[in-house]
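The values are calculated or read from the model by the stated rules, or taken from the named source; none is laboratory data. Just so we're clear, the structure is a prediction, and the values are computed from it rather than from any experiment. Cβ: placed from backbone, ideal geometry, glycine included. Neighbour counts: every protein chain shown. Remember, those area values only see protein heavy atoms, side chains included, never the ligands or the DNA or RNA. Shrake-Rupley method; radii C 1.70, N 1.55, O 1.52, S 1.80 Å.
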Amino acid sequence: MSNVQTVAVDANKFLAFVQAILPVLEASIPAVAAAGGPIGLGVSAAAIALPLLIQLIQQIEAQGVILPADQQTRLDQVTKALTDFTGQEWKPSV
Amino acid sequence: MKKFETIGIAILYGVAATAFIVVALAMMGCNATLDPSGPYSGDKFLYDIDGAIIDARQTLDGFLTWELQNRATLKAEGKQTVTAAADSIRTNAPTYFGMISTARTAYLNAKGPGTSNALFQSVQVIQTQTLTTKALTNFSKL
């Protein structure tokens, strides 16, 4: 019972929050006014994230294929790892 | 009030859809492939093995550097066994890396299950050493 009451309070808080920010959203998202509907508001709100999404897609695509330059870096590192023991830390203590 | 509920749900759907797309794309990124024109010629197994070799080497370098920097303190605290372990690595690890290099060359000359298994097992030997160094480092910091 107490859980149900908590959910109801939270829902009211959320709706009050939506009511409060709606004028701001409508002012800042021109598409909302044009579409006029609540679904349009949701889609437009999601569209705000599109630039970030495009940036993420570009980063992920770059990670998807490991470029020759990055492969060469790993090859150089492994060659050094297998052969170079000249560092001071590799000198015996005595 | 009903309008605002619908708006809220629509916004949540939009956010959820965006999150779903981002997660799906991120999962695609985990399955990275090699540009076949690169020096690995698309050999992801060798690329990953080389990554493991580099990681193991960096761990050993880190441990040896830490031991070198704290040698006096270790001695003062009666933990010379750590320095002895470090010296053992200094003596033996180049040999292990030499074995890996030999197995790696054999794999490059004749790629197949036998040479790939031999390379994999040689890397496991050095990875076991790195686990030992991590345990020693953690023990000595107690």
Discussion item. If I filter segment B:91-100 for residues that are more than 23 Å from A:Leu75 (Cα to Cα) and under 23 Å from the mean Cα position of the chain (by Cα), do I get at least one hit?
Written reply: yes
Discussion item. Against the conditions (1) away from chain A (no Cβ under 13 Å); (2) among the hydroxyl-bearing types (Ser, Thr, Tyr); (3) surrounded by fewer than 17 Cβ atoms within 10 Å (Cβ to Cβ), where does B:Thr115 fall short? Just the number, please.
Written reply: (3)
Discussion item. Taking the condition of being within 8 Å of another protein chain (Cβ to nearest Cβ) and either open to solvent by 70 Å² or more (accessible area, probe 1.4 Å) or not in a helix (DSSP H, G or I) (or both), how many residues in segment B:37-57 meet it?
Written reply: 4
Worksheet item: What pairs come up if the first residue lies in segment A:69-94 and is touching a residue at least 24 places away in the same chain (Cβ under 8 Å) and outside any helix (DSSP H, G or I), the second is surrounded by 13 or more Cβ atoms within 10 Å (Cβ to Cβ) and of a type outside the set (Phe, Trp, Tyr), and their beta carbons are under 8 Å apart, counting only those six or more places apart or on different chains?
Response: none
Worksheet item: Which of the residues belonging to segment A:35-51 are touching a helix residue (DSSP H, G or I) at 6+ places or on another chain (Cβ under 9 Å) and either modelled with pLDDT of 85 or more or more than 7 Å from chain B (Cβ to nearest Cβ) (or both)?
Response: A:Ala35, A:Gly37, A:Gly40, A:Ser44, A:Ala47, A:Ile48, A:Leu50
Practice prompt. Quickly run through segment B:60-90 and pick out the residues that are in contact with a Pro (Cβ under 9 Å, 6 or more places away or on another chain) and more than 25 Å from A:Thr79 (Cβ to Cβ).
Written response: B:Asp87
Item to complete: Could you grab the pairs with beta carbons closer than 9 Å, sequence gap of 6+ or different chains, first residue in segment B:53-80 and at pLDDT 95 or above, second one open to solvent by 70 Å² or more (accessible area, probe 1.4 Å) and not in a helix (DSSP H, G or I)?
Response: B:Leu68/A:Lys91
Worksheet item: Looking at segment A:72-82, which of the residues that are of a type outside the set (Asp, Glu) and more than 7 Å from chain B (Cβ to nearest Cβ) is most open to solvent (accessible area, probe 1.4 Å)?
Response: A:Lys80
Worksheet item: Taking B:Ala72 and the conditions (1) more than 10 Å from chain A (Cβ to nearest Cβ); (2) within 17 Å of B:Thr132 (Cβ to Cβ), which numbered condition does it fall short on, given that it satisfies the others?
Response: (2)
